[in-house]
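Single-structure report; data block below.
Just so it is clear, none of the values below were taken in a lab; they were calculated from the coordinates. In this text, all values refer to a predicted model and were calculated from it rather than measured experimentally. Quick reminder, even Gly has a Cβ in these numbers, built from the backbone with ideal geometry, and neighbours come from all protein chains shown.
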Protein chains: 4
Amino acid sequence: MKYDKKTLLKRKIKHIDIKKFNSIPLIESFNDMAFQSRNLARACRIYDMMLKDRDCTVILCLAGSLVSAGLKKVILDMVNHNMIDVIVSSGAIVVDQDFFEGLGFNHYRGFVNADDNKLRELMIDRIYDTFIDEEELRICDNTIKIIADSMKPGAYSSREFIYEMGKYLDKKGKNPESFVLAAYKKELPIFCPAFSDSSAGFGLVHHQTEKKDHVSIDSVKDFKELTEIKIKSKETGVVMIGGGVPKNFVQDTVVAADILGVDAPMHKYAVQLTVADERDGALSGSTFKEASSWGKVDQSYEQMVFSEATITFPILVSYAYHKGSWKQRKDKRFNCLFQ
Amino acid sequence: MKYDKKTLLKRKIKHIDIKKFNSIPLIESFNDMAFQSRNLARACRIYDMMLKDRDCTVILCLAGSLVSAGLKKVILDMVNHNMIDVIVSSGAIVVDQDFFEGLGFNHYRGFVNADDNKLRELMIDRIYDTFIDEEELRICDNTIKIIADSMKPGAYSSREFIYEMGKYLDKKGKNPESFVLAAYKKELPIFCPAFSDSSAGFGLVHHQTEKKDHVSIDSVKDFKELTEIKIKSKETGVVMIGGGVPKNFVQDTVVAADILGVDAPMHKYAVQLTVADERDGALSGSTFKEASSWGKVDQSYEQMVFSEATITFPILVSYAYHKGSWKQRKDKRFNCLFQ
Amino acid sequence: MKYDKKTLLKRKIKHIDIKKFNSIPLIESFNDMAFQSRNLARACRIYDMMLKDRDCTVILCLAGSLVSAGLKKVILDMVNHNMIDVIVSSGAIVVDQDFFEGLGFNHYRGFVNADDNKLRELMIDRIYDTFIDEEELRICDNTIKIIADSMKPGAYSSREFIYEMGKYLDKKGKNPESFVLAAYKKELPIFCPAFSDSSAGFGLVHHQTEKKDHVSIDSVKDFKELTEIKIKSKETGVVMIGGGVPKNFVQDTVVAADILGVDAPMHKYAVQLTVADERDGALSGSTFKEASSWGKVDQSYEQMVFSEATITFPILVSYAYHKGSWKQRKDKRFNCLFQ
Amino acid sequence: MKYDKKTLLKRKIKHIDIKKFNSIPLIESFNDMAFQSRNLARACRIYDMMLKDRDCTVILCLAGSLVSAGLKKVILDMVNHNMIDVIVSSGAIVVDQDFFEGLGFNHYRGFVNADDNKLRELMIDRIYDTFIDEEELRICDNTIKIIADSMKPGAYSSREFIYEMGKYLDKKGKNPESFVLAAYKKELPIFCPAFSDSSAGFGLVHHQTEKKDHVSIDSVKDFKELTEIKIKSKETGVVMIGGGVPKNFVQDTVVAADILGVDAPMHKYAVQLTVADERDGALSGSTFKEASSWGKVDQSYEQMVFSEATITFPILVSYAYHKGSWKQRKDKRFNCLFQ
């Protein structure tokens, strides 16, 4: 195998289009089967219930390397068709992956058994079977710095900063297929509770190192804003891809509302697509049943699906898309709450 | 929740029909993505290569509770459309599940958090989220005894015994949707290398307890016969659902041929759908790369897909079905080798 | 890295000696913790209860590559100190690994990212991070043939054949550290319900190919004999390492007794060390709670420990060894039942 | 089962003391075995190498419910015996668990199959098999608010805030067994890159809701400070328990240093105890080999151990404690860097 950059970065990752296949027949068959197929079918129905429920705000939680894996268009379609109202994500998905592609860069099909030392020498980063050009990532890091440099110093929520990223893409982006951009246009809030833990962190550290008066990212503000959205919503439903900080963060808003003296209901609907399980006691695999002891998730309409998301997430969203319940929904434009 | 048998055994498991949905668009999208979606797409292409290769005998390995989970028709369609030439399976799938349904019984949608003590009192058996009527299983056990009682005493391979089961269903079965029956009609061999480790074991122990001259199941004969099929085949491809004994057994035939002095090639194609992984050193999750050190599987066309089979198996077979390469294949009728 | 056989097969796997460290303090600390440490502590206590219970027959189930991983001495000590009364195992552990070492051969420390094509050319087999000399394995296969050739033709249980293997080692073995040998001497039965699915299969196929009147391995007889042991035992306890056929086989004996008209109690005690889980519906990870719906395992004293066995198995047995409850036990010599 | 608070919150979780058992003999045996036991042995040796290397700063990464599971004293001993120099953790471990116990509260042994609706009514929270008094947690939340209220408004790193928490415990704590307290006394920095994603979030949201001029938590400052520590250290080693944000955050400091124009070496040593694996492409299970393509971790001395941490973490630290290499280390007092 020849290790040069041109050869290795040849085949682009292509994003799956959930509008081009209809998973309803598959899911309807899964419904009367067993194990994870049946769980996936129930998760699909619960997601569709969220979309039918006029009172329900739908929150999408994202963790894992989803955009680099070809799932960007799935999220983009959810934004564009009012299938979600809020996104809570790990930083990498938003900055290193979606925003990165919005700047005109790509992810590439790689392979697992690569010689990682040779990759490093070529400045190619690997995520399992996917390759990224580190030189392009550095441009992305620096773009974050440029955005921060242009902002008024002060403490921002990640949502506010990501809004600025959307604005940047709107003006200077090179690929319109970005959910950061689409969310900006639709005033749909995106939160990254651990924002610095991403390419954004590099740019912002650089920014803070250079400037005494600078932008800071206040994760408390994130939590406060998301709790306000929870409070404004009559009911809430959560679609979780992976676990991690976004899962915990969203679950916690119910308790946060309570602490602020507001009697907000538990999340009425919840589905999670994950490979984690509960046996090590970690949050990512903890069951919704457990979450109901904390007063966070109602047990009536919850479903964990223990299967890998690159397969199950497009199937879930294709089902809901073709069911069409989203057609009666409007964009909730939650960003406007905070202006 | 009311625990009575009628209430609990109400909703039958229905078997998915891979002819009623076309997974080609999904798989073609998966092809340029990452992680397990891409692995599944490659597994689909490799399976299709097996079907296109005129020299290739295709062996299906089955482990896990697949038929009770609604996958019977998938296997049945593979038999009926010449998409496989040999089955190697755990005993339960063949006897407790497929043959059991051939006798007119069913599996039922249950639930995970059942009160298992109450189920036991009602003679309801649970497999994760699926229920079975133990009284019906006892009839199945006894049918095996009846078949054994009717046979000439001696040592049989499991294949020979399962052939008799097919014959029985042909005469007295109550549900034609059985791959044991279909395989019988098409002279397609089914091996269960651990045959007694199933409902068959109960019937056969009962048979042997009653009769001094009796039927015995010689697993060496199984291995000998399967090795002969391997030797007769120019090339072989393996489709594995789960791991366990069937995986090992089929992989071992290459070495067995060698020991018999025949220079049989490694399995040219191999795909496995599994949730196991290699980190505990057990065979079920061992990689095909590892198997190539043993001289069992060629590394050129192999793919493990780490995802649960109730979701991935129907997608795999629907892809190959709609590709249509099976149309040029004939039934190999390997049972005739041994007559 | 130089790929020659001498370099690659240099560092022998050494078997851990549970008498040389005392895990009681560790386990007592684990008892008041959480997750798998607490589960392991409870499994230890349940195993000790089995040993204290005068009425209890203890069955050890083995699956996975345990002996090649350095756990042979653990099993050997269990046999020699009357800590178990019956072994039910996958074939490879008994034949390819323990008997193989009894013939004077060894397993070797290897590494995961080996070039498997080069290994194959050198006739080195890989199990995850462990290497085996395929040429030595062929001698092992052939020894099985020699044993079979020397036996009176007929149908044998795997137990009977393994007894002959013990006898062979007693005469011609080159390493006394073999549990096949120790079990032979103590009349402790070893069953391999899928016996041909191992190195034994190779030797026996060779034997059957050469001889018209030959030895066959009747797995029904295995089941019948094990059920008789279950029936003779007032109570039973099961220690399972991994899942697979041994787990199912032993669980099934309760039902088999019932079918033979004997009202045998469920297994009173059960512990399993495994990495599998219940979410795919397969038997290996199915819970004992589920098994109680089938009437196989009592729910009072059962514990699954979800953690890898090379770490947990020595800790479990060291605990029970140092507790000393085995000192009051005698060898049950169940082989004598069948003479 | 009686569901009242007194009955359910009776048996306290007790923290394991790694000084009271010596895991060196166990680990030395594991060294010549296979699979995860050998991996754990290598991880132990690598951790000991870190402690022997005079130039090495040791960073401990924590994710999962470790303190509630009885691992607090392990971390405390690492702090007190200079076995680590920096902690990077999920928020819950630091705030909801360690600080919470410092306030005099406890975690309790619970059970997995609890009725979570009844628990919620009693204000008992469940983590797998562990119970927590939600009313006590609310006091913990409010204590965070009290601390924030007492601070000068402005943007703080989580490290600075946690320092204040240590100071609070020093004055008003009710249980001296707290690593937040011990770290405060030794000027050892603790970072929580997703600080609001914890009980701290509740208190801080409450604080910000009440006060216009308030404390905010700037995660960029965290990243900047941790990068400075990386830059000041000649070499670095990382001990990771679980994955998540702490793993990524610490790995990223190498790149951050590079972006700031400093040529910092990759992490020279790295071990991770985890149950996650690489197959879903998520960061938690990504291999160190992969991380080396990003220029973050050197491949020479890295080891992943795929096994659950409540079992492996105490064994790892007991080994290093009894090896005694920490005796030559001094406390690095990195907090002083930022004064």
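Listing for the model above:
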{"quantity": "Antiparallel bridge percentage (DSSP; both residues within the protein assembly as shown; nearest 5)", "calculated": "20"}
{"quantity": "Order of C:ASP129, C:ASP197 under a 10 Å beta carbon neighbour criterion, fewest first", "calculated": "C:ASP129, C:ASP197"}
{"quantity": "Of all DSSP beta bridges in chain C, antiparallel share, percent nearest 5", "calculated": "20"}
{"quantity": "Estimated dipole of the stretch B:20-93 in Debye, rounded to 20 [Cβ of Lys and Arg +1, of Asp and Glu -1, Cα centre]", "calculated": "180"}
{"quantity": "Cβ charges +1 (Lys, Arg) and -1 (Asp, Glu), total dipole of the stretch D:197-339, debye", "calculated": "700"}
{"quantity": "Peptides ranked, highest mean first, by Cβ atoms within 10 Å: ranges B:235-241, D:317-323", "calculated": "B:235-241, D:317-323"}
{"quantity": "7 Å along Cα→Cβ, label-point gaps from A:PRO265 to other copies, nm, shortest first", "calculated": "5.0, 5.9, 6.3"}
{"quantity": "Nearby aspartates and glutamates by direct alpha-carbon distance to C:LYS330 (threshold 13 angstrom, same-chain neighbours under 8 apart not counted)", "calculated": "C:ASP53, C:ASP55, C:ASP85, C:GLU187"}
{"quantity": "Cβ-vector label at 7 Å, B:LEU337, separations to other copies in nm", "calculated": "3.8, 6.7, 6.7"}
{"quantity": "Shielding by other protein chains, A:163-169, mean Cβ within 10 Å", "calculated": "0"}
{"quantity": "For the stretch A:246-321 versus the stretch D:184-235, the gap between their alpha-carbon centres in whole angstrom", "calculated": "26"}
{"quantity": "Exercise: per-residue mean of other protein chain Cβ atoms within 10 Å, B:37-45", "calculated": "3"}
{"quantity": "Closest approach to the axis - chain C beta-carbon, rotation onto A, Å", "calculated": "C:ASP277, 3"}
{"quantity": "Averaged over B:137-145, number of beta-carbon atoms from partner chains that fall within 10 Å", "calculated": "1"}
{"quantity": "Cα gyration tensor shape for the stretch D:270-317, rounded if a/c is under 1.5, else prolate or oblate", "calculated": "oblate"}
{"quantity": "Helix-only [θ]222 nm of the protein assembly as shown, DSSP H runs n ≥ 4, -39500 (n - 2.57) each, per residue, nearest 500", "calculated": "-13000 deg cm²/dmol"}
{"quantity": "Relative packing of peptides B:105-112, D:115-122, B:147-154, A:186-193 - highest average C-beta neighbours within 10 Å first", "calculated": "A:186-193, B:105-112, D:115-122, B:147-154"}
{"quantity": "Magnitude of the charge dipole, chain C, Cβ model with Lys/Arg +1 and Asp/Glu -1, debye to 20", "calculated": "1120"}
{"quantity": "7 Å along Cα→Cβ, label-point gaps from D:SER325 to other copies, nm, shortest first", "calculated": "4.0, 5.3, 5.7"}
{"quantity": "Leading residue at positive end of dipole, the stretch A:72-175 (Cβ point charges), from A:GLY91, A:GLY166, A:GLY102", "calculated": "A:GLY166"}
